[in-house]
Amino acid sequence: MKPRPAWRQPIRRRPIRLRLTLVYSGLFLLAGAALLAVTYGLVAQSLNTGLAAAVSSHPGSYQAQALDICESQAASPAQVANCKAKAQRSLKSLTEASAAAQRDQTLGRLLDYSLAALAVVAVVSAWLGWIVAGRALRPVHAITAAARAASEENLGQRIALAGPEDELKELADTFDAMLGRLDAAFASQRRFVANASHELRTPLTVMRTAIDVTLAKPGRTQAQLEAMAAEVRQAADRAEALIEALLTLARSDRGNGPRETLDVAVLAEDALDAAAPAIRACPVTIEAALRPGPALGDPVLVERLVTNLVDNAVRHNVPNGWVQVATGTREGMTFIEVANGGELIPEEVVPSLFEPFRRLSERAGSPDGAGLGLSIVRSVAVAHHGQVTARHRPAGGLEVSVLLPAHPA
């Protein structure tokens, strides 16, 4: 395709205000021309009717004078009749010519005055159209200015357009809502980066401290070195688990993993088997009602979802507590519900538990929790077009329900 000449670029980039003005003026000119044509036709028809009436009825005084002249100059009756006929034809022709001239003059003046008035009003309409278009596009300019001013560091500005509930106000309100979501997303991202940095710094600090303290001892023994190695290994395992959780969270946020047929009941049974040591150490009572729950999804992510639910219920429990796990299908959705006893959780705090690195004060003492379990659960469910709900139990503990689109068996 040949490039467009530079001199034609400004022609293409006409502002929308100018285009609206041209549209307003063009429509007005078309309507005015149509009105002028109709008016001209009606007046012309009316003048034609008046001309026929004028021709058919001659003025009596002129006709009487012509007859008197004919009678005084003609010698015989035949000449008088011939003179009268000529006088009538002459009078009729004169009347027709006079009426036609008057008609043409009237129509000419009507056309001239109408065209002049149409031109003046067209200029006025273009000026008014320019003003009206500017007022109509003022919210668009405000939206454009807000979009140019918006950045990652400046998302607090809002348009807050006042006025009637029209399309432009709806657009401005939608843009304000989008800025609000972006502001919340960037704030959440900043909190996530800060919390992730803090969480990763903790095991590194533990490893560095263990190494420095051990190496600072003048007479290091084999037992001290082995204790330092064990402590470093434990901190490294914690850092590895945290990194794995972050990678899982990032992968679930992308939501572009493989899709396979799976059964959440089988995954829940595997998760309970893997959590058996923690269940015996706590100890807690397990109540499982595992019915087939076929779904289509990423097996790694869904397995992580189920494992996090079970681990969360076991870890944040009380001695001699209980855990209930149920799976199955209802209303075209596959569900897994995990409930556990434990400390009392305020109802207003429950939604915040799905935020990354968000812990309750009574949960902060858990050394093996990274605060990403429920965040991964929500992210995996959203990536699979599902939903997660959680509610506190009045007697203490939490109940989490996950719904995933069911796959036909």
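The values are calculated or read from the model by the stated rules, or taken from the named source; none is laboratory data. Every value quoted in this text rests on a predicted model; they were computed, and no experiment measured them. No Cβ is skipped: glycine too gets one built from the backbone with ideal geometry, and neighbour counts run over all protein chains shown.
Some points to look at:
- Enumeration of residues in the range 370-401 that are buried (at least 18 other Cβ atoms within 10 Å of the Cβ), outside any helix (DSSP H, G or I) and either charged (D, E, K, R) or at pLDDT below 85 (or both): ALA370, GLY371, LEU372
- Search result, residues across the range 280-302 that are part of a strand (DSSP E or B) and among the hydrophobic types (A, V, I, L, M, F, W, C): VAL284, ILE286, ALA288, ALA289, LEU290, ALA295, LEU296
- Residue within the range 261-270 that is assigned to a helix (DSSP H, G or I), farther than 21 Å from PHE335 by Cα and either under 40 Å from the mean Cα position of the chain (by Cα) or not assigned by TED's automatic domain parsing to the domain that holds GLY332 (or both) present: no
- Residues within the range 303-335 that are outside any strand (DSSP E or B), without any contact (Cβ under 8 Å) to a residue 60 or more places away in the chain and closer than 11 Å to ALA271 by Cβ, tallied: 5
- Identity of the residue in the range 107-118, surrounded by 12 or more Cβ atoms within 10 Å (Cβ to Cβ) and not polar (S, T, N, Q), that ends up nearest to the chain's Cα centre (by Cα): LEU118
- Just one residue in the set ASP173, ASP166 is among the acidic types (Asp, Glu) and either in contact with a Cys (Cβ under 8 Å, 6 or more places away or on another chain) or surrounded by 14 or more Cβ atoms within 10 Å (Cβ to Cβ) (or both); that residue is ASP173.
- Across the range 207-253, the number of residues qualifying as without any contact (Cβ under 8 Å) to a residue 12 or more places away in the chain and under 30 Å from HIS384 (Cβ atoms) comes to 5.
- Residues that are surrounded by 15 or more Cβ atoms within 10 Å (Cβ to Cβ) and either on the phi > 0 side of the Ramachandran plot or in contact with a Phe, Trp or Tyr (Cβ under 8 Å, 6 or more places away or on another chain) (or both) within the range 135-163 comprise ILE143, ALA146, LEU155, ILE159, listed in sequence order.
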